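Read the structure below first, then the notes.
Rule-based calculations on the coordinates, nothing more; no lab input. Note that this is a predicted model, so its numbers are computed, not measured. Here the Cβ positions follow ideal geometry from the backbone for every residue, glycine too, while neighbour counts run over all protein chains shown.
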Amino acid sequence: MRTKQELSTAIRERRRAALVVNAHSRRGRRLYDTVHARLRAAGFALLGAYPVDRPGELDRVLAEAADLGPDLLVTGGGDGTVGAAARLLAHRDIAMGLLPLGTTNNFARTVGVPLDLDAAIAVLTGGKVIDVDLGLIGDTRFTNHVGIGLSADIMQAAPPGLKRVVGRLAYPLTGLGLLARHRPLAVTVRAEGREHTFTTHQVYVANGGFHAGRPITADATADDRLLVAYPVGGPTRRGLLRETARNAAAGHRRTLGEEPFLAVRQLWLDTDRPARIEVDGEPYGQTPVRIGLDPNALRLMARADSPDH
């Protein structure tokens with residue numbers, strides 16, 4: 001296993017990469033040819049290049065690309081695509097290159113990768129390799145968050161066509177339709193010898209610093225050895241809508257020390273009835289569940305000035 005500095009040097013000097021783009025994502029299909037051409041123009045020798053238009057093939061194609069032995073696996077797509085690549089590359093001697101082509105691009109925002117395509121490619125050519133934490137739910141690693149309650153119901157119900165047309169607005173639009181009949185959950189969180197209970201329609205456990213394209217708090221990162229658990233509102237639907245709006249507007253001004261955030265290394269979460277779970281926007285299962293951290297699990301090509309702990 002090379003050091004991060006050695007891997008950074010190998011990427012800059014040899015430019016040996018593989019490319020996987022989720023062509024089923026909002027921008028992936030439209031931008032695949034452009035991404036391929038600009039990586040070649042930037043001097044990358046692409047050992048393999050794969051547009052994936054069937055979601056069920058993504059894991060297989062990512063594994064095939066990694067088996068080519070690149071120093072850098074460039075992944076283009078949304079948070080679901082990025083999460084699949086992160087699970088594959090955890091604790092491997094391959095760095096992930098990130099091209100944010102999805103709807104909310106939470107992980108890219110957390111690690112400071114620009115959303116502009118040319119700027120993101122410039123990170124791949126002039127950046128450095130850092131390592132960041134991944135979350136663990138059961139034995140499954142994740143980059144951004146675990147959502148329990150309404151968000152998991154929304155992820156299953158949001159029409160793919162609506163996501164392609166209106167982007168991240170598809171989720172609140174779908175949520176408004178589901179909210180009228182959604183029942184609140186009684187949630188119990190056990191962590192670090194303490195028990196926390198609350199009633200809510202929605203609870204998140206985040207590894208990164210962004211959700212729905214907005215900051216969770218000013219000081220949450222993917223490299224701080226902490227998970228952030230927090231409910232959104234209380235038992236009323238009005239409270240959920242009010243807190244959702246507050247989080248979107250004021251996340252950049254809030255800190256982990258404020259209510260209702262619980263910053264811990266691991267936790268056990270249960271609900272009064274089995275509740276659906278989504279992990280980085282993909283269905284996972286139901287509560288109860290244990291959620292923890294895999295520190296410094298993923299090597300990532302980031303900006304040259306990125307902090308690295």
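Overview of results
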{"quantity": "Derived scalar couplings ³J(HN,Hα) [region 29-35; Karplus, 6.51 cos²θ - 1.76 cosθ + 1.60; whole Hz; x for Gly, Pro]", "calculated": "4, 5, 9, 4, 4, 5, 4"}
{"quantity": "Global form of the chain, assessed from the alpha-carbon gyration tensor, a/c cut-off 1.5", "calculated": "prolate"}
{"quantity": "Phi to ³J(HN,Hα) by Karplus 6.51 cos²θ - 1.76 cosθ + 1.60 over region 74-83, Hz, x for Gly, Pro", "calculated": "7, 10, x, x, x, 5, x, 5, 4, x"}
{"quantity": "Peptides ranked, highest mean first, by Cβ atoms within 10 Å: ranges 117-127, 277-287, 54-64", "calculated": "277-287, 117-127, 54-64"}
{"quantity": "Value of relative contact order over region 207-309, rounded to a whole percent, pairs C-alpha under 8 Å and six or more apart", "calculated": "25 percent"}
